[in-house]
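Peer 1: Sending over a structure as structure tokens; questions will come in a sec.
The values are calculated or read from the model by the stated rules, or taken from the named source; none is laboratory data. This one's a predicted model, so the numbers in the text were calculated from it and none came from an experiment. A quick note on method: Cβ atoms are made from the backbone with ideal geometry, for glycine too, and the neighbour counts reach across all protein chains shown. The protein model used for the area step is the full one, side chains on, heavy atoms only, and it has no ligands, DNA or RNA in it. Shrake-Rupley method; radii C 1.70, N 1.55, O 1.52, S 1.80 Å.
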2 protein chains.
Amino acid sequence: MSKPLKQIKLGAFLMQTGHHIAAWRHPQAQADAGANFAHYAELACRAEAAKFDAIFFADSVGVKTSDPATLARTARADTLEPLTLLPALAAVTERIGLIGTASTTFNEPYNLARKFATLDLISGGRAGWNLVTSNSDFEAKNFNYEKQLEHEQRYERAGEFHDVVVGLWDTWEDNALVRNKESGVFYDVNKLHVLNHKGKHFSVRGPLNVARSPQGRPVVVQAGASETGRELAARTAEVIFVAHQTLGEAKSFYADIKERVKRYGRSPDDVKIMPGIFPVIGRTQAEAEEKFEQLQNLIHPEVGVSLLSNMIGADLSGYPVDGPLPDLPETNGGQSRQQLLVDLARRENLNIRQLYLRISGARGHQQIVGTPARVADQLQQWFEEGGADGFNIMSPWLPGGLDDFIEGVVPELRRRGLFRTEYEGTTLRENLGLKQPKPLISKDVPSPVLQVDSHPA
Amino acid sequence: MSKPLKQIKLGAFLMQTGHHIAAWRHPQAQADAGANFAHYAELACRAEAAKFDAIFFADSVGVKTSDPATLARTARADTLEPLTLLPALAAVTERIGLIGTASTTFNEPYNLARKFATLDLISGGRAGWNLVTSNSDFEAKNFNYEKQLEHEQRYERAGEFHDVVVGLWDTWEDNALVRNKESGVFYDVNKLHVLNHKGKHFSVRGPLNVARSPQGRPVVVQAGASETGRELAARTAEVIFVAHQTLGEAKSFYADIKERVKRYGRSPDDVKIMPGIFPVIGRTQAEAEEKFEQLQNLIHPEVGVSLLSNMIGADLSGYPVDGPLPDLPETNGGQSRQQLLVDLARRENLNIRQLYLRISGARGHQQIVGTPARVADQLQQWFEEGGADGFNIMSPWLPGGLDDFIEGVVPELRRRGLFRTEYEGTTLRENLGLKQPKPLISKDVPSPVLQVDSHPA
């Protein structure tokens, strides 16, 4: 088989002990993963040896304070902050991308711009920012609010936040740093700019005090699937991480986004769409199903109902666990996720227990239980039929689940010519096949604006 | 000589190419230090091999936008963000402490508490937080303000910020994490608490989503020398980094702080006072002076005047460089630093050029130009006469200046029994001789507060 022009991009979405809610109880799971740097270092090195494009970390800025007894049966409250973990992982890896989630709702753009720019320099151009909004009351209560911000308000702030961060990254032009010891000129004063952003949510002058990175800017990643989220992603995202249950959904989303980006003067290739995949892999179908069953049996019903309630944005603990999903009030939180779950329950006539068992691993993402060939078949189909540019692999438990994928599926994809055997470049941007952006500011502002006189504000 | 009961604590204050303003032009300086992780990794490893207690990083959340041409002759705008750099350094070191500066003025306590807690877990209990306030307009303009906050307002916010951060670190009790795979209990629900802080500046519920560290809490470091700064430090600091020109000043400050801490129910040993020292070291006095002269000759007068203006909080560019320091208006910025510089100029009758030459390296800290024995003599005197518990070493240029200290002064201090030959412990707290704090919350709140019902807010 000849090598196809494009190959599948792969992210390793690392979540503590694994994505399955009971993963930490798995006999081979690293139960203290949430606070164990060596565990993450090992995972990052294994993913890099397998030539994954990136490792990926989710984030939340709080601990869910409802239902404490149930929460205490999960590993969810025991985490490391991604933007502190990723630099440490940068130091023990050389080529793999490092994508961290950071909220636009409870941060300041100057702080975040610096941190990602620093990670990008430390890693030699391997940083990515998964831009999210924070959509829960328990997070809001850690930041002077009683309630989460409204959906539209969060996205409006997120859009402006993005523009400020990118603007700050662009305050240094490429090659601004001269560092000429003889002349005594450290940087070219004409290549450092202020931003002077004054918007509805932010007023930020700049410039950034961290230089431009080897890949121009960190890669911007997003996951919003609502109408507002899609518009923001079409305008700003370079990678979209998304949850789909069926190829139909995936193709529809893919086509929609690739069309939307054109309206912002971007090329469809400027955005890589990577659905999450939750693979449970066995040498035979029976072995894969047995592995999955083993994990499912470790879920306490309290934990299952609580997980579902949290994801669906409504308390289901009062309903019979073997009864149907009740009608739900519309939520201000993740709207798209609630609808996804309701559709799934209605489509397949699942009761509450069946629904929580269904999402306890993949959490709304595509779940594949089978042999390496079967997993590869599905990835290939989604990739070739216009549902995905790549996939974010959500291993059920760690490290074993990731090992299964690396040892089984990666070689299978390579045999089919669908996955790399060596990194194409040294930066995340090069490996993902994304353009290196030019600084925007330098074109619009011909003269150096780093002068108080010309900008008396 | 018998080993004294207490020994000198040593920090390596690492600043890009070095603390001297012209350091980057030094023939052996790493000019691209500000964006070069390998440079910092090398320095951290050397400091660790020499058994320094900690490496220390300053921080600023902006680029000074006045006088751009002068700034472009310095390395000051080209930095890495300390809380992103330190985790990467944690991954390449094993025992040395990792102290980073972070502003209480333009951060949220929940975000900062998580980051330091994560650094502490990643490093096995080696994290320290240098708590500062941001006192310049150019920083304020990056965070929606036109002017810096008033001195008293900054410190009031800083005090409450500290209390929230420590409170969040205390939301997890020691040994809360059970991780019992058989019973399915991940943590003891009675050992995780909410904070429910409601204050003037912050409303933060908690708990933190990062577990308690091996040293209980990251070490809290401060540098404020004003009356308000001293009070805050006496109440909250475990290490104080301070600038003194004379032993008299150092003794007076030391005695004052050690007395003040008692009023907060703390022991004088709970606070370690570490003045900054800028050592230029040669095998002979003449060689040391020659090295210093070499650096001084690299300062452009524009850079010197600008540096002084910035430190003193007033624009001196209009005054004759060989004339006297003019009378200055009182500043809202670093009050204590301005007074220090004015006193120095008056005491020694220095003109502007002489004053900027004087502070271009040490920036108000004690400058010692001499042989290793002479440097060791001064450190010993300050230590034994009640002026210091240790010192923060501000190498003139890097890496050479730090090498000079490690190869010359460290062995000399060891010969005198004044510095360790091996780390006493594995955590920063153990090496500094600081107590391991008990969580405060668990004593005050007997029942688990992680229950929505009992706290309906």
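Peer 1: B:Ala72 is checked against (1) free of Cβ contacts under 8 Å to residues at least 24 places away in the same chain; (2) among the small types (Gly, Ala, Ser); (3) open to solvent by 10 Å² or more (accessible area, probe 1.4 Å) and fails just one. What number does that condition carry?
Peer 2: Among (1) free of Cβ contacts under 8 Å to residues at least 24 places away in the same chain; (2) among the small types (Gly, Ala, Ser); (3) open to solvent by 10 Å² or more (accessible area, probe 1.4 Å), B:Ala72 violates only (3).
Peer 1: Please work out if B:Phe143 is at pLDDT 95 or above, of a type outside the set (Val, Ile, Thr) and in a loop (DSSP other than H, G, I, E, B).
Peer 2: Considered against the rule, which asks whether it is at pLDDT 95 or above, of a type outside the set (Val, Ile, Thr) and in a loop (DSSP other than H, G, I, E, B), B:Phe143 comes out as yes.
Peer 1: Show the residue pairs meeting these rules: Cβ distance below 7 Å; 6+ apart or different chains; first residue within the range A:34-59 and among the hydroxyl-bearing types (Ser, Thr, Tyr); second residue open to solvent by less than 10 Å² (accessible area, probe 1.4 Å) and at pLDDT 95 or above.
Peer 2: A:Tyr40/A:Leu14; A:Tyr40/A:Leu85; A:Tyr40/A:Leu89
Peer 1: Within the range B:252-267, is even one residue buried (at least 17 other Cβ atoms within 10 Å of the Cβ) and of a type in the set (Asp, Glu)? Give the derivation first.
Peer 2: First, pick out the residues of the range B:252-267 that are buried (at least 17 other Cβ atoms within 10 Å of the Cβ): B:253-254, B:257-258, B:260-261, B:266.
With the extra rule that they be of a type in the set (Asp, Glu), the set shrinks to none.
No, the range B:252-267 contains no residue that is buried (at least 17 other Cβ atoms within 10 Å of the Cβ) and of a type in the set (Asp, Glu).
Peer 1: Test of understanding: among B:Ala140, B:Ala77, B:Ala102, which residue is under 30 Å from A:Asp78 (Cα atoms) and of a type in the set (A, V, I, L, M, F, W, C)?
Peer 2: After applying the criteria, what remains is B:Ala102.
Peer 1: Just checking, how many residues over the range A:260-270 are assigned to a helix (DSSP H, G or I), without any contact (Cβ under 8 Å) to a residue 40 or more places away in the chain and not hydrophobic (A, V, I, L, M, F, W, C)?
Peer 2: Result for the range A:260-270: 4.
Peer 1: Shifting gears a bit: Inside the range B:44-55, can you point out the residues that are in a strand (DSSP E or B) and either of a type outside the set (Val, Ile, Thr) or open to solvent by 10 Å² or more (accessible area, probe 1.4 Å) (or both)? Outline the logic, then answer.
Peer 2: Just the residues of the range B:44-55 that are in a strand (DSSP E or B), to begin with: B:54-55.
Within the range B:44-55, B:Ala54 is the sole residue that qualifies.
Peer 1: Looking at the range B:402-457, which of its residues are open to solvent by less than 10 Å² (accessible area, probe 1.4 Å), modelled with pLDDT of 95 or more and either β-branched (Val, Ile, Thr) or touching a His at 6+ places or on another chain (Cβ under 8 Å) (or both)?
Peer 2: Within the range B:402-457, B:Val409, B:Val410, B:Thr427 meet the criteria.
Peer 1: I need the full set of residues from the range B:138-157 which are within 11 Å of chain A (Cβ to nearest Cβ) and crowded, with 18+ Cβ neighbours inside 10 Å, in order please.
Peer 2: Once the filter is applied, which keeps residues that are within 11 Å of chain A (Cβ to nearest Cβ) and crowded, with 18+ Cβ neighbours inside 10 Å, the range B:138-157 yields B:Phe138, B:Glu139, B:Ala140, B:Lys141, B:Asn142, B:Phe143.
Peer 1: Scanning for something open to solvent by 30 Å² or more (accessible area, probe 1.4 Å), assigned to a loop (DSSP other than H, G, I, E, B) and either modelled with pLDDT of 90 or more or under 27 Å from A:Phe116 (Cβ atoms) (or both), does the range B:18-26 turn up at least one residue?
Peer 2: Of the residues in the range B:18-26, the ones open to solvent by 30 Å² or more (accessible area, probe 1.4 Å) are B:25.
So of that shortlist, the ones also assigned to a loop (DSSP other than H, G, I, E, B) come out as none.
No, that holds for no residue.
Peer 1: What are the residues in the range A:345-363 that are more than 19 Å from A:Glu293 (Cβ to Cβ) and either in contact with a His (Cβ under 8 Å, 6 or more places away or on another chain) or buried (at least 23 other Cβ atoms within 10 Å of the Cβ) (or both), if any?
Peer 2: Once the filter is applied, which keeps residues that are more than 19 Å from A:Glu293 (Cβ to Cβ) and either in contact with a His (Cβ under 8 Å, 6 or more places away or on another chain) or buried (at least 23 other Cβ atoms within 10 Å of the Cβ) (or both), the range A:345-363 yields only A:Ile352.
Peer 1: Right, here's the next one. So, restricting to strands (runs of 3 or more DSSP E) that lie completely within the range B:170-228, which ones have at least 2 residues that are more than 9 Å from chain A (Cβ to nearest Cβ), touching a residue at least 12 places away in the same chain (Cβ under 8 Å) and not small (Gly, Ala, Ser)?
Peer 2: Result: B:219-222.
Peer 1: Name the residue, out of B:Ala41, B:Ala58, that is within 8 Å of chain A (Cβ to nearest Cβ), under 20 Å from A:Thr118 (Cβ atoms) and surrounded by fewer than 24 Cβ atoms within 10 Å (Cβ to Cβ).
Peer 2: B:Ala41
Peer 1: Output yes when any residue across the range B:271-279 is in a helix (DSSP H, G or I) and among the hydrophobic types (A, V, I, L, M, F, W, C), and no when none is.
Peer 2: no
Peer 1: Read through the list (1) buried (at least 24 other Cβ atoms within 10 Å of the Cβ); (2) out of contact with any Gly (no Cβ under 6 Å at 6 or more places or on another chain), then give the number of the only condition that A:Thr79 fails.
Peer 2: All conditions are met except number (2).
Peer 1: Looking at the range A:241-249, can you tell me whether even one residue there is in a loop (DSSP other than H, G, I, E, B), under 17 Å from the mean Cα position of the chain (by Cα) and farther than 18 Å from A:Glu152 by Cβ?
Peer 2: Scanning the range A:241-249 turns up at least one residue that is in a loop (DSSP other than H, G, I, E, B), under 17 Å from the mean Cα position of the chain (by Cα) and farther than 18 Å from A:Glu152 by Cβ.
Peer 1: Look through B:Val185, B:Val242 and report the one residue that is surrounded by 19 or more Cβ atoms within 10 Å (Cβ to Cβ) and either β-branched (Val, Ile, Thr) or farther than 30 Å from B:Val342 by Cα (or both).
Peer 2: B:Val242
Peer 1: Residues in the range B:84-95 that are more than 7 Å from every other protein chain (Cβ to nearest Cβ) and either closer than 10 Å to A:Leu85 by Cα or surrounded by 24 or more Cβ atoms within 10 Å (Cβ to Cβ) (or both): how many?
Peer 2: Result for the range B:84-95: 2.
Peer 1: Please report, ordered by residue number, the helices (runs of 4 or more DSSP H) entirely within the range B:67-138 with at least 3 residues that are under 30 Å from B:Pro301 (Cα atoms) and over 15 Å from the mean Cα position of the chain (by Cα).
Peer 2: B:68-71
Peer 1: When both residues are 6+ apart or on different chains and their Cβ atoms are under 7 Å apart, which pairs have a first residue that lies in the range A:377-389 and is on the phi > 0 side of the Ramachandran plot, and a second that is surrounded by 15 or more Cβ atoms within 10 Å (Cβ to Cβ)?
Peer 2: Short answer, once both residue conditions are applied: A:Gly386/A:Lys251; A:Gly386/A:Tyr254.
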